[in-house]
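Quick notes on the structure that follows.
The values are calculated or read from the model by the stated rules, or taken from the named source; none is laboratory data. In this text, all values refer to a predicted model and were calculated from it rather than measured experimentally. Methodologically, a virtual Cβ is constructed for each residue, glycine included, from the backbone with ideal geometry; neighbour enumeration extends over all protein chains shown. Remember, those area values only see protein heavy atoms, side chains included, never the ligands or the DNA or RNA. Shrake-Rupley method; radii C 1.70, N 1.55, O 1.52, S 1.80 Å.
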Amino acid sequence: MATFVSGEEQPSLNGLNSDSQAKKLTDLPTELLEHILCFPVLKHVDICNVSCCCKRLHDVCHGRGKVWGHQYKLRWPRLQRFYRQNECCDWLKEYKTRHRVGIQIRRTVESISKRFFTEVVRRCLLFYYIESLGMPEHFCEDELLFILNSDKRKSLTLKYYAKKILYFLRQQNILRSLKTFLEQPAEQQSALEGAVLVDQYCNPLADVTLDSISAQLDEITEKVKKMLRIKNSSHPSLHIAQGEHLVVEDFELQRQVVCALNSVLYEQLQYKGNEFDYYNPLNSYIHQVLLRHTGIPISLSVLYMTLARKLGVQLEPVNFPNHFLLRWCQKPRGSDDIYDFVYIDAFGKGKQLTAKECEYLIGHQVTADYYSAISTTEVLLRMVGNLLNIGKRGEGNEKSYQLLRDSLDLYLTINPDNVQYLLLQARLYFHLGIWPEKVLDILQHIQALDPSQHGAVGYLVQHTLEHIQHKKHPVTPEVKRRSTPEHLEVQYSVGLIMKHKRSGYNCVIYGWDPKCTMSQEWITTMRVHQLSNGANQPFYNVLVQDGTCRYAAQENLEPHSAPLEIGHPEVGRYFSEFAASHYVANEELQTRYPEDMDDTLGTPNPGYSATEKTIKKIVFLLNSIF
């Protein structure tokens, strides 16, 4: 940065002092000085230096002034939405606080990496870590986003835990919003807002807001109005302003709205029910339904019902078994008779059904109760229940467990005394080996609600207490050195990108055993005995491109001819960087495999030559023979 001269005399352009020509920087108007000091090339260190020159420049750079406000917004642009336009605040204090939060967040994330390498991250401890900082939450979130948006291939472990913390922080905020939503009177609860909250909780890192979803629905509403205007230019729905609630009473006018809505939604915009991938969770998330124009009965019904209400037609949700529906009353003063309604199948392109035709839809008869309208809370329970079932149908990988955890959280927030799902949550946490104290709290709650569950509760209490005792005496992690005689058969090292010869999948090695360590049942099921070397060969823990973790025999793996990044959510747990041809093990993984990185990099271990390796291998074989 150029040095500002603020002494008694300034040199003139020709090198001579001239009172008439001399101008001090401090003589410039404040507005001009502020404009100069807001140039993008000047950083916060420059501003600090300038403010130390003299009282005049110190006053121009005061904490509440334009200069520090500019520096703050330049460095952390995402935080601008938390301030009103032209708001006057102590920008220097805000800058220092945000800078301090950034340092503490990074230290916290690094400490979590060391703590949770061998276990699942517990949400309660994440909450404790963040709460203990005592810092504004939006500053914490901004730093976490900054970490996540840094160089894609580097700081993978830092990003892995930053993502988990951000996931947790946002979910806590969404749960608070959901609880506030549920406290509202039933008539004020919007099914769309509830669906957005469910979507946000299951996708906390996605940019999903009620405003953005509503804006997209307003665009569809305008398309329907355009269609309606062609049919009836004087239709009252054309004059309903955004946010205005008006009910169209005339049935012929309602019919015109429904016909126009079907035409736009299913013919023009090509919305459809996802019959071929019905159990994909994306079908339940409202932002994905709008993006993909695809959904399941309940998500399409929420969309359809919201659009109809914007146009003055009141439709009600019906919790029909196996196929969510909407009902449209055909009587002017309402009715309790199920035959006075037309039932709309949003999944079936808005097809209108009689009560009897609804039974044909599912293939069996039902009682009149199933045709009743339900509340928004019941709509959300059905929606979350669908996600729960999808999570239970999952493949037992990280993704399905996360969906199961999230949907259980949501369901038990809406209906906290459901014994069936409380027991499922306790079993899930016990199975994953996480949060044993929470498991005991859940079990105590179940026992109070339903004493008949004492058998299942007692079993889980006993084993959870054993788990807590076991954790008090942690086992020292095994250190595997490639140079030891029993590991001489191990050809590959952690961090290498491999290809499976038979299945063709791409993967990265994050661990190995000199022999298969799985149970005899697993060995039989996986037909390991059919391999040429059977179970008596090295096996590798690998992260697979499809998001699964597998245990592969050495003879089935080969180095990838064109190494590529492996898009697995757990990569950051084990590796700090992708280095074009391999992954670099993080500090925790290197501690467990201290000699692997030399092999991964293709360099011999110091003091341990290839010849020595061969000699040790021969000695080991001779010892095993004699």
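Restricting the stretch 404-422 to residues that are closer than 19 Å to residue 302 by Cα and either touching a Ser or Thr at 6+ places or on another chain (Cβ under 6 Å) or of a type in the set (A, V, I, L, M, F, W, C) (or both) leaves a set whose member that is most open to solvent (accessible area, probe 1.4 Å) is 414.
I need the full set of residues from the stretch 444-498 which are assigned to a helix (DSSP H, G or I), in contact (Cβ under 8 Å) with a residue 60 or more places away in the chain and open to solvent by 70 Å² or more (accessible area, probe 1.4 Å), in order please. Lay out the reasoning, then the answer.
So the first thing to find is which residues in the stretch 444-498 are assigned to a helix (DSSP H, G or I), and the list is 444-449, 451-471, 485-487.
In the following step, the residues that additionally are in contact (Cβ under 8 Å) with a residue 60 or more places away in the chain were identified as 485-486.
Within the stretch 444-498, 486 is the sole residue that qualifies.
Annotation: residue 157 fulfils all but one of (1) of a type outside the set (Phe, Trp, Tyr); (2) open to solvent by less than 40 Å² (accessible area, probe 1.4 Å); (3) assigned by the TED database to the domain that holds residue 303; the unmet one is (3).
Would you mind stating whether residue 360 is within 25 Å of residue 344 (Cα to Cα) and touching a residue at least 40 places away in the same chain (Cβ under 8 Å)? Give the derivation first.
On the way: within 25 Å of residue 344 (Cα to Cα): yes; touching a residue at least 40 places away in the same chain (Cβ under 8 Å): no.
Answer is no for this residue.
For the stretch 349-380, filtered to residues that are among the hydrophobic types (A, V, I, L, M, F, W, C) and in contact with a helix residue (DSSP H, G or I) (Cβ under 6 Å, 6 or more places away or on another chain), the residue that is farthest from residue 412 (Cα to Cα) is 355. Applying the condition of being over 17 Å from residue 259 (Cα atoms) and open to solvent by 30 Å² or more (accessible area, probe 1.4 Å) to the stretch 322-332 and asking which residue is modelled with the highest pLDDT yields 322. For the stretch 202-220, the set of residues classified as open to solvent by 50 Å² or more (accessible area, probe 1.4 Å) and in a loop (DSSP other than H, G, I, E, B) consists of 205, 207, 209, listed by residue number.
State which residue is nearest to the chain's Cα centre (by Cα) when the search covers only the stretch 221-252 and only residues that are open to solvent by less than 40 Å² (accessible area, probe 1.4 Å) and in contact (Cβ under 8 Å) with a residue 40 or more places away in the chain.
In the first step, residues of the stretch 221-252 are kept if they are open to solvent by less than 40 Å² (accessible area, probe 1.4 Å); the result is 221, 224-225, 228, 232, 235, 237-238, 240, 248.
Now drop any that are not in contact (Cβ under 8 Å) with a residue 40 or more places away in the chain, which leaves 221, 224-225, 228, 237, 240, 248.
On the way: 221: 30, 224: 34, 225: 36, 228: 40, 237: 39, 240: 37, 248: 41 Å.
It comes out as 221.
Residues that are closer than 22 Å to residue 571 by Cβ, in a helix (DSSP H, G or I) and out of contact with any Asp or Glu (no Cβ under 6 Å at 6 or more places or on another chain) do not occur anywhere in the stretch 135-142. Taking (1) modelled with pLDDT of 95 or more; (2) under 37 Å from the mean Cα position of the chain (by Cα) in turn, residue 352 satisfies each apart from (2).
Checked against (1) surrounded by 22 or more Cβ atoms within 10 Å (Cβ to Cβ); (2) outside any helix (DSSP H, G or I), residue 335 passes all but condition (1).
Taking the stated definitions as given, is residue 401 more than 20 Å from residue 298 (Cβ to Cβ), of a type in the set (Phe, Trp, Tyr) and open to solvent by less than 70 Å² (accessible area, probe 1.4 Å)? Let's see the steps before the verdict.
Details: more than 20 Å from residue 298 (Cβ to Cβ): yes; of a type in the set (Phe, Trp, Tyr): yes; open to solvent by less than 70 Å² (accessible area, probe 1.4 Å): yes.
The answer is yes for residue 401.
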